[in-house]
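Here is the structure we will look at.
Values in this text are rule-based calculations from the coordinates and carry no lab data. Not measured: the values here are computed from a predicted model. Every residue, glycine as well, gets a Cβ built from its backbone with ideal geometry; the counts of neighbours run over all protein chains shown.
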Amino acid sequence: MSDTTTLRALMEADRWVERVIAQRNHLPEMAELITLEEELRSLVASLKQAQVDQAPIQKKYSELQDGAEKLRKRSHDIQAKLDSSTANARELGALQTEIEHVRELLSKAEDLELEAFLELEPLDQSVENIKAAAQPKMERRAELQAQIVSLQATLDEEIISLRSSRQECAVQVPSELLKTYETAHKRVGISGAAQVDNGRCDGCRIELSPLDFDRWKAQPQDTFMACPECGRLLLP
Ligand SMILES: [Zn+2]
């Protein structure tokens, strides 16, 4: 095999490794997860605000409910006394006045209770709406997290296997040439060689100057000039 062939195989093996690493680190599921988490953070903030708005009205409503309930019980107790009373007319009159007073208070209390309820209802609803909106997103988040773990595990295995094939390609390259390749690879990443495609280095995408292009074309077979821009060995 010519040096060009082995060098090209090594370059392609390195490019494969990089491609799979890029795929592993930029899964569409990861992008979706990031968007989803932003949405969830914003929902959590809305929920907190809705609960802050809800809390004082909830407290007021609950106090009004207690107050009305006490009056209801008081009214019921007096009525029971009136129904079973053996009291005299004066006492009965007093109880009658009292029950009327309590009923009046109860009626006002019930009005306030209803007002507070009507005030509270949309606030409760908005808390519920936010929770309902978050629910499927939470489920999707768990799903995506699991998918990412599983996909990355698969790709990690593939990367290990590709790296081992890459090593097999590397041992085919003569050692001096390999050293030059590895130096360029280490410095610029992805691969230590590139192909000239339409007068451009396909590693850095920079067009060779006419002078460099002529120099590259004039190279004897199996000699490799470095790209003047990125330093990768230029393959035909
Ligand atoms: Zn280049």
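Shape class of the stretch 176-235 from the Cα gyration tensor (axes a ≥ b ≥ c, square roots of the eigenvalues): oblate, since a/c reaches 1.5 or more and a/b does not exceed b/c. A crude spin-label estimate for the pair R72 and Q221, with each label 7 Å from Cα along the Cβ direction, gives 10.1 nm. Scattering from the stretch 77-128 was approximated by placing one identical point on each alpha carbon and applying the Debye formula without solvent; log10 I(q)/I(0) at 0.29 1/Å stands at -1.01.
If we count other beta carbons within 10 Å of each Cβ, what is the order of T4, T86, fewest first? It would help to have the intermediate numbers written out before the result.
Numbers: T4 16, T86 6.
If I rank by nearby Cβ atoms, fewest first, I get T86, T4.
Of the residues E182, E229, the one with the fewest other Cβ atoms within 10 Å heads the list, and the complete ranking is E182, E229.
Work out the FRET efficiency for S150 and T5 from their Cβ-Cβ distance, taking R0 = 41 Å, and round it to the nearest 0.05. Working shown, then result.
On the way: r = 37 Å, r/R0 = 0.91.
That gives a FRET efficiency of 0.65.
Simple spin-label estimate for Q65 and T97 gives 3.6 nm between the two label positions (7 Å along the Cα-to-Cβ direction from each Cα). One Cα centroid belongs to the stretch 199-227, the other to the stretch 38-91; the line between them spans 86 Å.
Apply 1/(1 + (r/R0)^6) to the Cβ-Cβ distance of I34 and R163, taking R0 = 30 Å, and write down the FRET efficiency to the nearest 0.05.
Numbers: r = 28 Å, r/R0 = 0.94.
Result of the calculation: an efficiency of 0.60.
Extents of the chain, taken as max minus min of Cα coordinates on every principal axis and listed largest first, are 130, 36, 22 Å. Taking each of K70/K108; K179/K217; K48/K137; K59/K108 in turn, the alpha-carbon distance tops 20 angstrom for K179/K217.
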